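The block underneath contains the structure these notes are about, expressed in structure tokens.
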Amino acid sequence: MESIIKAKDVIRNADAVLIGASNGLSISEGYNIFADNEMFRKQFGDFRHKYRLRNVLDGLLSQNMTPEDRQTFLDRLVELWTDKYEVTQVMKNLRSLIGDKPYFILTTNGDQHLEAVGFAAERIWEIEGTFQLARDGKHPINRQENLNRFLQEYGDKRLVVLELGIGSINRIIKLPLMRLVHQLPDATYITLNLPHEIYVPQEIEAKSIPLQGDILMTLDKLVRP
């Protein structure tokens, strides 16, 4: 509870928030690209049987599908995971936590749930693209300039780096964010994840607040008055 109180205070007094989000955030909503679970079998059971897919990620990376089947797979994924997505409490809590503070988001998630809850597309860099872009055969949108402008404006202020569901060995987003916290004098690193996925290097330990547990429950505690 002490860490939650400290994190709430830091976020409340922050000038801006830089969010890093990966699969753990989507998993906390019930969308797991790695799982051979009931949702996957219900939504993609035909592909699971025909191509021996174990999960959505297998489908995204498969080199064995016919062009027609690949298009069908991607159309269905966009329909079920993006177009028909209903905003979850996880996303509502996250949006409430950020409020009207300036923000920028780095994510490897392709489901566009962040846009659905009201985060502005131009402030989100989906580094690996989205399911929709993959379906339409388009490349990821590079928002490096937007990120640079954000850091130029808030890098020397009270910046919170809020990490959501990024695995301990992930280096695509996690490593750059940790380096950034190390470099910026007034940055604070707040990481939400399951206990075995929490990782804070010694170099930024004094500037970090690790919050272990289910992301839904942790965000709920952070937004409570």
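For the reader, a short list of remarks on this structure follows.
- Hey, Arg158 surrounded by 18 or more Cβ atoms within 10 Å (Cβ to Cβ), in contact (Cβ under 8 Å) with a residue 40 or more places away in the chain and of a type in the set (D, E, K, R) or not: no
- Arg123 being closer than 20 Å to Leu94 by Cα, in contact (Cβ under 8 Å) with a residue 40 or more places away in the chain and surrounded by fewer than 18 Cβ atoms within 10 Å (Cβ to Cβ): no
- Among the residues making up region 35-56, a single one is surrounded by fewer than 18 Cβ atoms within 10 Å (Cβ to Cβ), farther than 22 Å from Ala116 by Cα and among the hydrophobic types (A, V, I, L, M, F, W, C): Ala35.
- From the options Glu86, Glu145, residue that is modelled with pLDDT of 95 or more, exposed (fewer than 13 other Cβ atoms within 10 Å of the Cβ), assigned to a loop (DSSP other than H, G, I, E, B) and among the acidic types (Asp, Glu): Glu86
- Of all residues making up region 3-33, the number that are under 28 Å from Gln144 (Cβ atoms) and not in a helix (DSSP H, G or I): 11
- Residue count, region 40-63 (criterion: under 25 Å from the mean Cα position of the chain (by Cα) and in a helix (DSSP H, G or I)): 11
- The residue pairs whose first member lies in region 180-193 and is in contact (Cβ under 8 Å) with a residue 24 or more places away in the chain and of a type outside the set (Gly, Ala, Ser), whose second member is surrounded by fewer than 21 Cβ atoms within 10 Å (Cβ to Cβ) and in a loop (DSSP other than H, G, I, E, B), and whose beta carbons are closer than 6 Å, counting only pairs six or more residues apart or on different chains, are Leu184/Gly155; Asp186/Arg158.
Listed here are the residues, each with its yes/no results for (1) assigned to a helix (DSSP H, G or I); (2) under 18 Å from the mean Cα position of the chain (by Cα); (3) free of Cβ contacts under 8 Å to residues at least 12 places away in the same chain.
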residue	(1), (2), (3)
Met65	no, no, no
Arg70	yes, no, yes
Phe73	yes, no, no
Lys92	yes, yes, no
Ser96	yes, yes, no
Asp100	no, no, yes
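- Each residue in region 59-83 was checked for being in contact with a helix residue (DSSP H, G or I) (Cβ under 8 Å, 6 or more places away or on another chain) and either of a type in the set (A, V, I, L, M) or surrounded by 15 or more Cβ atoms within 10 Å (Cβ to Cβ) (or both), and 13 of them qualify.
The values are calculated or read from the model by the stated rules, or taken from the named source; none is laboratory data. On a predicted model such as this, the values are computed, not experimentally measured, just so you know. All Cβ positions, glycine included, derive from the backbone under ideal geometry; neighbour counts span all protein chains shown.
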